[in-house]
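**Q** Before I ask anything, let me first share the structure, which is written out below as structure tokens.
Read-outs: derived from the displayed coordinates by stated rules, not from any lab. Remember, predicted model here, so these are calculated numbers, not experimental data. For neighbour counting, all protein chains shown are included, and Cβ atoms are generated from backbone atoms with ideal geometry for every residue, glycine included.
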Amino acid sequence: MKLSSREVKGVIILEPKGKIMGGPDSTLLHDQFHDLVQQNKKKIIVDLSKVEWMNSTGLGILISGLTTLKNNQGELKLANVTDKIQSLLAITKLVTVFESFDSVDEAVASFK
Amino acid sequence: MVSMKKLVKKNNQIKVPSDLDYLAEVDKFVEQKLKKTTLNKSQLADIAISVTEAVTNAMLHGNKKDPHKEVTIDVEVKPKEIVITIQDQGNGFDPDKVPNPTQGDLIKVAGRGVFIYKTLMDKVEFFIKPHQGTTVKMVKEIKPETK
């Protein structure tokens, strides 16, 4: 998995690319959430358009990120959730936990 | 002294040490074995996700990340189904005692692996011999859908 990021209107957009399955690449994303909070960047969107699939380790990393942000008065939202990831979120009932948007623009606009 | 395990590939089998760094190799191996099947993208993803879930569990919970223990993955492509077995060298577990992750605390970080592969695969069986390892056998039917 590769990870890039950009900032739009004070919101950080994380762009993982590839598969999120566990192992060293996944800690990249996990650590990024902590680093961003340390930098006082607390509005985060994870753009999943280039994530082929993720397993429960990937879901766990997103949950961990969500919790980290919430505990620091921040927010984490998802954008461009692919069909496969959407079905995983549905079967694990995590659709009720994450706020998702069809585009990054819509997700950015949702931050107050 | 027993040497540390290494990755070994032979025909339809791959053996890896109990180290999550090898997950990507396992995924690549399975992808390669399924390349010429008529499974569609979604079915291939279901298999890939399920295998990584079972292998992760085998490494972390079965073999307790012991570098001297390995996980063996066999991929069998049959005319109407794909059969994948994942075997560890651990002490076994009771799959009926794995909690349902959709009940209770939804935001726990772990505990969804077994639930996910039981949902994504068409059939899952566990073969457990106490102190002799666990084998998870998972089956995906090759349904007549186009790629």
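**Q** Does the protein assembly as shown classify as rounded, prolate or oblate by the C-alpha gyration tensor (a ≥ b ≥ c root eigenvalues; a/c under 1.5 gives rounded; else a/b over b/c gives prolate, otherwise oblate)?
**A** Note, shape of the protein assembly as shown comes out prolate.
**Q** Please list the non-local residues whose amide H lies under 5 Å from the amide H of B:GLY92, H modeled 1.01 Å from N, same-chain partners needing a gap of 5 or more.
**A** Close amide H contacts, sequence-distant or interchain: B:HIS131, B:GLY133, B:THR134.
**Q** Also: What value, in deg cm²/dmol to 500, does the helix sum -39500 (n - 2.57) over DSSP H runs of n ≥ 4 give at 222 nm once divided by the residues of chain B? Write down the numbers at each step before the final one.
**A** Numbers: 3 runs with 36 residues, N = 147.
Estimated from H runs of four or more residues: -7500 deg cm²/dmol.
**Q** So, with +1 on the Cβ of K and R and -1 on the Cβ of D and E, and no other charges, what is the size of the charge dipole of the protein assembly as shown about its Cα centre, to the nearest 20 debye?
**A** Approximately 380 debye in magnitude.
**Q** Let me ask something else about it. Just going by the charge dipole of the protein assembly as shown, with Lys and Arg at +1 and Asp and Glu at -1 on Cβ, which of B:GLN43, A:GLY23, B:ILE142 is farthest out on the positive end?
**A** B:ILE142
**Q** Obtain the nm distance between the two label points defined at B:VAL77 and B:VAL98 by a simple spin-label model: each point lies 7 Å from its Cα along the Cα-to-C-beta direction.
**A** Label-label distance for B:VAL77 and B:VAL98, simple model: 2.7 nm.
**Q** Please list, ordered by chain and number, the residues whose modelled amide H lies under 5 Å from the amide H of A:ILE13; skip anything fewer than 5 residues away on the same chain.
**A** For A:ILE13, the qualifying residues are A:ARG6, A:GLU7, A:VAL8, A:ILE45.
**Q** Also, quick follow-up: Which ³J(HN,Hα) values in Hz, rounded to whole numbers, follow from the phi angles of region A:87-100 under the Karplus curve 6.51 cos²θ - 1.76 cosθ + 1.60, where θ = phi - 60° and Gly and Pro get x?
**A** Couplings: 5, 5, 4, 5, 5, 8, 6, 7, 4, 7, 9, 9, 8, 10 Hz.
**Q** GNM on chain B, C-alpha springs below 10 Å: top fluctuator among B:THR37, B:THR85, B:THR102?
**A** B:THR102
**Q** OK, next. Hey, what's the Kirkwood Rh for chain B if you take every pair of different alpha carbons, in angstrom? Each step should come with its number before you reach the end.
**A** Details: mean 1/r = 0.0635 Å⁻¹.
For chain B, the Kirkwood estimate is 15.8 Å.
**Q** Can you give the relative contact order of chain A as a percent, counting alpha carbon pairs under 8 Å and 6+ residues apart?
**A** Rounded, it is 26 percent for chain A.
**Q** So what's the gap between the Cα centers of region A:83-101 and region A:16-58, to the nearest angstrom?
**A** About 16 Å separates the Cα centre of region A:83-101 from the one of region A:16-58.
**Q** What ³J(HN,Hα) values, in whole Hz, does the Karplus curve 6.51 cos²θ - 1.76 cosθ + 1.60 give for region A:40-52 when θ = phi - 60°, with x put for Gly and Pro?
**A** Result, ordered by residue: 6, 9, 10, 10, 10, 10, 9, 8, 9, 4, 9, 9, 4 Hz.
**Q** Out of residues 5 or more away from A:GLU99 or on other chains, whose amide H comes under 5 Å of its own, with H placed 1.01 Å from N in the peptide plane?
**A** Counting only residues 5 or more places away or on other chains, the set is A:LEU78.
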